[in-house]
Amino acid sequence: MNNELDLPPPQRTESQIDRILNPDHPLCRADVIWMLEYIKKKVADEDPALMDLTQPRLLQNFHYFAEAAMSLINRRNCCDQEADRLRDWLREAAYGINPNKTDNRSPRGR
């Protein structure tokens with residue numbers, strides 16, 4: 001397997017996102033923060049992919065972003081079920097940011 005640092009930046013980012021959203025990967029606080037920072041940067045940069053989303057979908061993205069962020073503040077001990085929920089929130093918060101990925105489609109946003 002290729003070392004992540006050997007990949008060009010866009011592939012490295014995609015690889016990082018895939019790793020974080022993979023249910024077999026043990027989710028840690030640093031992963032959640034990285035993902036939230038990535039989403040925040042895409043929104044701040046007014047990523048064109050986000051401009052294609054409807055206002056209701058953007059509100060859903062924000063809702064899930066806030067859920068994930070608040071879970072970091074209120075988190076005690078993380079169990080598998082909580083990690084799965086957090087991973088779902090991150091996936092929903094990032095919906096539409098990477099339109100080249102077919103698995104980025106949200107069942108809630110269809």
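Based on a Kirkwood Rh over C-alpha pairs, give the Stokes-Einstein translational diffusion coefficient of the stretch 28-101 at 10 °C and viscosity 1.306 mPa s in µm²/s.
It comes out at roughly 125 µm²/s.
Read phi for every residue in the stretch 51-60 and hand back ³J(HN,Hα) as whole Hz from Karplus 6.51 cos²θ - 1.76 cosθ + 1.60, θ = phi - 60°, with x for Gly and Pro.
Karplus values, whole Hz, x for Gly and Pro: 5, 7, 7, 6, 4, x, 5, 4, 5, 4.
Using Cα-Cα distances under 8 Å and only pairs 6 or more residues apart, what relative contact order does the stretch 28-101 have, in percent?
After rounding, I find 48 percent.
Readers should treat all values here as calculations from the given coordinates under stated rules, not as data from a laboratory. Every value quoted in this text rests on a predicted model; they were computed, and no experiment measured them.
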